[in-house]
Amino acid sequence: MGDGTAGRGPLTGRRSPAVRRAFAVLAGAAALATVCGCTAETAGTDGGAARPPVRADVGPTSPDGPADGKAASTAPARPADDGTASPKASPATSAPPPRVLWSRGDRGPAVRELQARLRQVAWLFEGPSGTYDARTEEAVKGFQGKRGLPRSGRTDSVTWQRLLGMTREPGRWELYLMGGQPAAEPDPRCLTGRVLCVDKTSRTLRWMVDGRTLTTVSVRFGSQYTPTREGVFRVYWKSRHHVSTLYDSPMPYAMFFSGGQAVHYSPDFAARGYAGASHGCVNVRDEAAIAELFARVRNGDKVVVSW
């Protein structure tokens, strides 16, 4: 009919089969669109196929993946080179070498202490001299090498700290073990005449004439059980090649001053230093010096032994 109701049935609302098929097609298209997730916002405006939305924040972990279908990169995004990027970190600089405290040729009390401490750990066997000589350098090298330090032979701050941690502060005897200890002020009784002035505190013997010191040598004394007597004595006998009848030991250049006690040269003192002791005599280790004293000293010259 020409009233615009063509294709529809009577007023009862029934539709013709063609109209029903058309509605079915439209309904199916709508259902398909809902399942695919397409919306009016995603539809193209050029009549073409719908395109997925472009997301600027899609990264390697985005479920959407890259828009071009390529495999996602795992490398982090590089910032744009806008000239504000931080400069590259410079390589770490190496630590400065430790400061050298003493080396070959140095002298003084600090070197003497170094040598005394090296003796304590058996790297140096001669007594402290206060001079950083070749033997001290070799001892330092040995100590350094044993502990994985550079074998320079120079005592730097690291070597010194390691040595301090392994040793104790040396006493006065250790510092002057092999002689060289400053002689103490002479006993007032030594200031007149010809005197062998013996000081147990500094372990020295001065040969003095009218208050002037002409010779000073290192000496060793008796042990706790055979102490060297103290006091003022006189040389009463000199014996160049003397041998002790009591101990059957040589006492060359002996100058007796109290019973069997004498000032004399001691090969044992020369070999072992203060590791040993006499039987009461005053031992001298310098053979040339005692030979000169023996030639100068006369019977009747004074001998003063004091602390």
Subject >> Verdict on Trp160 being among the aromatic types (Phe, Trp, Tyr), surrounded by 16 or more Cβ atoms within 10 Å (Cβ to Cβ), outside the structural domain of Ala271 (by TED's automatic domain parsing) and part of a loop (DSSP other than H, G, I, E, B) >> reply: no
Original post:
Just for segment 120-157: of the residues that are assigned to a strand (DSSP E or B) and at pLDDT 95 or above, which one is nearest to Pro98 (Cα to Cα)?
Top reply: Asp156
Subject >> Options Glu138, Glu126, Glu169; residue that is surrounded by fewer than 18 Cβ atoms within 10 Å (Cβ to Cβ) and under 30 Å from Phe294 (Cβ atoms) >> reply: Glu126
**OP:** Check whether at least one residue in segment 212-220 is in the same structural domain as Ala271 (by TED's automatic domain parsing) and assigned to a loop (DSSP other than H, G, I, E, B), and report yes or no.
**Re:** no
**OP:** Determine whether Gln120 is polar (S, T, N, Q) and buried (at least 17 other Cβ atoms within 10 Å of the Cβ).
**Re:** no
Original post:
Would you say Arg240 is in contact with a Lys or Arg (Cβ under 9 Å, 6 or more places away or on another chain), at pLDDT 95 or above and loosely packed, with under 15 Cβ neighbours inside 10 Å?
Top reply: no
Original post:
Residues of segment 249-307 being of a type in the set (A, V, I, L, M, F, W, C) and in contact with a helix residue (DSSP H, G or I) (Cβ under 8 Å, 6 or more places away or on another chain), which ones?
Top reply: Met255, Val263, Ala270, Val284, Val304
**OP:** For segment 228-241, state whether one or more residues are in contact (Cβ under 8 Å) with a residue 60 or more places away in the chain, among the aromatic types (Phe, Trp, Tyr) and part of a loop (DSSP other than H, G, I, E, B).
**Re:** yes
Subject >> Qualifying residue in segment 267-279 (condition: assigned by TED's automatic domain parsing to the domain that holds Arg203, crowded, with 18+ Cβ neighbours inside 10 Å and under 20 Å from Thr213 (Cα atoms)) >> reply: no
**OP:** Name every residue in segment 280-307 that is surrounded by 14 or more Cβ atoms within 10 Å (Cβ to Cβ) and of a type in the set (A, V, I, L, M), in order of residue number.
**Re:** Val282, Val284, Ala289, Ile290, Ala291, Leu293, Val297, Val303, Val304, Val305
Subject >> Residue satisfying condition, being under 24 Å from Gly193 (Cα atoms) and not in a strand (DSSP E or B), within set Ala270, Ala289, Ala254, Ala262 >> reply: Ala289
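The values are calculated or read from the model by the stated rules, or taken from the named source; none is laboratory data. All values reported here derive from a predicted model rather than from experimental measurement. Every residue, glycine among them, receives a Cβ derived from its backbone with ideal geometry; neighbour counts consider all protein chains shown.
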